[in-house]
Amino acid sequence: MELIEEYDKHETCLKQKDKTQDIPCCCSQRWILAYTSFLGVVLVYAVRVNLSVAIVCMVKNVNSTTELNGTSIDSNTCPGHAESQTVFNKHAEFDWDKTTRSSILASFFYGYICTQVLGGWFADRYGGRRVFGVAMAVSSVCTILTPVCARTSVILVFVLRVIIGLATGTVFPAMQSMWGRWAPSLERSKLMTLTSVGTMFGVVGTFASSGYLCEYGFDNGWGSIFYITGGFSCIWVVVWFILTRDTPSEHPRISSQERDYIINSIEFDTTKRTSKVPWIEFAKSPALLACITAHMCNNWTNYTLLTSLPDFMKSVMKFNIKSNGLLTALPYLCQAVSGLAAGQITDLIRSRKILSTTATRRSTGAIAFTGAAVFLVATGFMSCDHRDMAVAFLSLAVMFTGLNRAAFIVNHNDFAPKYAGVLFGITNTFATIPGMIAPIVAGELTPHDTSEEWRNVFYVCAAFCLLGTLVFGGLARGEVQEWAKDKSDDVWIETNSNKL
């Protein structure tokens, strides 16, 4: 009798294995969602950071030399490299001072901070597909209008950037909500990191192309940056609504094998919309506090570099405008590679049970923050005579931050997948505060744009990295929390765990 039972168990295991192998992968609907959302996030960041490069060639150099401690400093030369480091600014039209430029770059975040939680709640309650699509439609129109408004009034540029912030503030909570319903547990890191590394490719593509567009593009060069990024965003919106749905059960083109595989491997009933949100449990959760802190610390560094790196490359490293765009993009290409690798490696570690999900997320975050801090400090000691080394150190620093794509970014879906949208909205609301403050702090710390002043900017970033290491490394959780479960979820998990 025991032999018969063992044989039946063996046959069941083989059938389950065969069934899993039949589930489509690369061309499946969950991966099509990943590819489409990846392109969407690329464009989110294109419309978000295009101004950071464009403003370098939009604004005239107020003075070619400045006085610091009684010494005349030529801002466009560097000993031994004067000819190669000439800054081209022939297309500049505006006389915006440094304070105005810093405020314009920060204005995006005034809108961005307002819609995070609301976007997550709408996505969890009504679906993330509409939220993401409408947000990008609004952002693309505002981006296309930017050149006309800039030539009309600087106030209109502020308004447009705030509106773009309001719209795109809903995007990442919406995608977290969708992945809570689309990503099988042991594919979570791979799928979600593919989406999130779109941020780096958006930065890379925008920074790398914007320098050339400034020099050779239409509408005085810099105007073409906004028309192209806005135009591609409009096209993507149409594709998004055609290819995607909010849940596997709603998708008309998904196979029954894939639909069952996804539904049965997620920790809650994805066919039911979230109704009651446990706000009190959110406030008491160490896991949420860990994500908030890590997200804020990571974003201080990211937003400092996103908004100020082109200025650093121009003012301190003395790269011309064409080299500026390419070299500013290089660190984010490294970040994209590390983010994709981290997603694959962490899922492998979890699937083979080398480390628990909690230990995997904590250790990945610690490596990310520590590595970034070390190389940011090293960058601060580089002058324009060692600018190649500075670019290498910056690339390594940003590469390490990419590992966080498989740490706190994914973590919301580990400990509360049902509420991932609103939770990410909460953490990203707090994490937007650095975006409002960091560009202004960087501007205040670098009034003369010397290498010594920029060193202080990198010290501040490194301090935030250290804080992120300590808090996320001590408080992060990788398992579904009790408050994140409904009573019916335990029955759901037990019933469906036996189906695959």
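The values are calculated or read from the model by the stated rules, or taken from the named source; none is laboratory data. Keep in mind that what you see is a predicted model, and the values were worked out from it rather than measured. Using ideal geometry, Cβ is built from the backbone for each residue, glycine included, and neighbour counts are taken over all protein chains shown. Surface areas here come from the heavy atoms of the whole protein model, side chains and all, with no ligands, DNA or RNA. Shrake-Rupley method; radii C 1.70, N 1.55, O 1.52, S 1.80 Å.
Condition check for L394 on (1) open to solvent by 40 Å² or more (accessible area, probe 1.4 Å); (2) in contact with a Pro (Cβ under 7 Å, 6 or more places away or on another chain); (3) among the aliphatic types (A, V, I, L, M): one failure, at (1).
Just a yes or no: is a residue in segment 271-285 farther than 30 Å from A476 by Cβ and hydrophobic (A, V, I, L, M, F, W, C)? No, the conditions are met nowhere in segment 271-285.
When residues in segment 220-267 are screened for being closer than 19 Å to I144 by Cα, out of contact with any helix residue (DSSP H, G or I) (no Cβ under 8 Å at 6 or more places or on another chain) and modelled with pLDDT under 90, 1 of them pass. Among residues that are over 22 Å from the mean Cα position of the chain (by Cα) and surrounded by fewer than 24 Cβ atoms within 10 Å (Cβ to Cβ), V337 is not included. Go through the residues of segment 283-293 one by one and say whether even a single one is within 24 Å of G443 (Cβ to Cβ) and either modelled with pLDDT under 90 or among the hydroxyl-bearing types (S, T, Y) (or both). For segment 283-293, residues within 24 Å of G443 (Cβ to Cβ) and either modelled with pLDDT under 90 or among the hydroxyl-bearing types (S, T, Y) (or both): absent.
Scan segment 437-459 for residues that are within 22 Å of the chain's Cα centre (by Cα) and open to solvent by less than 50 Å² (accessible area, probe 1.4 Å) and jot them down. A438, P439, V441, A442, V457, F458 - these are the residues of segment 437-459 that are within 22 Å of the chain's Cα centre (by Cα) and open to solvent by less than 50 Å² (accessible area, probe 1.4 Å). Exactly one residue out of M192, M175, M136 is modelled with pLDDT of 95 or more, under 23 Å from Q29 (Cβ atoms) and touching a Phe, Trp or Tyr at 6+ places or on another chain (Cβ under 7 Å), and it is M136. Against the conditions (1) touching a residue at least 24 places away in the same chain (Cβ under 8 Å); (2) over 22 Å from I263 (Cα atoms); (3) surrounded by 18 or more Cβ atoms within 10 Å (Cβ to Cβ), L160 satisfies every one except (1).
Given R129, R151, which one is touching an Asp or Glu at 6+ places or on another chain (Cβ under 6 Å) and either surrounded by fewer than 20 Cβ atoms within 10 Å (Cβ to Cβ) or over 14 Å from G425 (Cβ atoms) (or both)? It would help to see each step written out before you state the result.
Details: R151 fails: touching an Asp or Glu at 6+ places or on another chain (Cβ under 6 Å).
When all the criteria are applied, what remains is R129.
Restricting to segment 372-391, what's the tally of residues that are small (G, A, S) and crowded, with 19+ Cβ neighbours inside 10 Å? Of the residues in that region, 4 qualify.
At least 1 residues that are at pLDDT 85 or above in each: list the helices (runs of 4 or more DSSP H) lying fully within segment 381-500 that qualify.
Details: elements: 387-401, 408-415, 420-445, 451-475, 487-496.
Counting at least 1 such residues, we get 387-401, 408-415, 420-445, 451-475.
Can you tell me which residue in segment 290-315 is surrounded by the fewest Cβ atoms within 10 Å (Cβ to Cβ), limited to those that are under 22 Å from V410 (Cα atoms) and among the small types (G, A, S)? Show your work before the answer.
At the first step, the residues of segment 290-315 found to be under 22 Å from V410 (Cα atoms) are 290-303, 306.
Restricting the remaining residues to those that are among the small types (G, A, S) gives 290, 294.
Numbers: A290: 26, A294: 29.
Checked segment 290-315; the qualifying residue surrounded by the fewest Cβ atoms within 10 Å (Cβ to Cβ) is A290.
Per the conditions (1) in a helix (DSSP H, G or I); (2) out of contact with any His (no Cβ under 7 Å at 6 or more places or on another chain), the sole criterion not satisfied by C114 is (1).
Selection of segment 321-334 for residues being touching a Ser or Thr at 6+ places or on another chain (Cβ under 6 Å) and either modelled with pLDDT of 70 or more or part of a loop (DSSP other than H, G, I, E, B) (or both) yields L330, P331, C334.
Is segment 94-111 home to any residue that is open to solvent by 10 Å² or more (accessible area, probe 1.4 Å), at pLDDT 90 or above and either among the β-branched types (V, I, T) or farther than 30 Å from H448 by Cβ (or both)? Within segment 94-111, none of the residues are open to solvent by 10 Å² or more (accessible area, probe 1.4 Å), at pLDDT 90 or above and either among the β-branched types (V, I, T) or farther than 30 Å from H448 by Cβ (or both).
Restricting attention to helices (runs of 4 or more DSSP H) lying wholly within segment 167-271, give those where 1 or more residues are aromatic (F, W, Y), buried (at least 20 other Cβ atoms within 10 Å of the Cβ) and more than 22 Å from the chain's Cα centre (by Cα).
Hits in segment 167-271: 222-243, 256-265.
Scanning segment 345-367 for residues that are within 23 Å of L470 (Cα to Cα), in contact (Cβ under 8 Å) with a residue 40 or more places away in the chain and in contact with a helix residue (DSSP H, G or I) (Cβ under 7 Å, 6 or more places away or on another chain) yields a total of 9.
The set of residues in segment 112-125 being open to solvent by 50 Å² or more (accessible area, probe 1.4 Å) and modelled with pLDDT of 85 or more consists of C114, L118, W121, F122.
Within segment 132-148, being open to solvent by 10 Å² or more (accessible area, probe 1.4 Å) and small (G, A, S) holds for one residue alone: A137. The lone criterion from (1) surrounded by 24 or more Cβ atoms within 10 Å (Cβ to Cβ); (2) over 23 Å from V49 (Cβ atoms); (3) out of contact with any Lys or Arg (no Cβ under 8 Å at 6 or more places or on another chain) left unmet by E482 is number (1). Within segment 340-365, the set of residues being farther than 15 Å from M192 by Cα, open to solvent by 10 Å² or more (accessible area, probe 1.4 Å) and small (G, A, S) comprises S351, S356, A359, S363.
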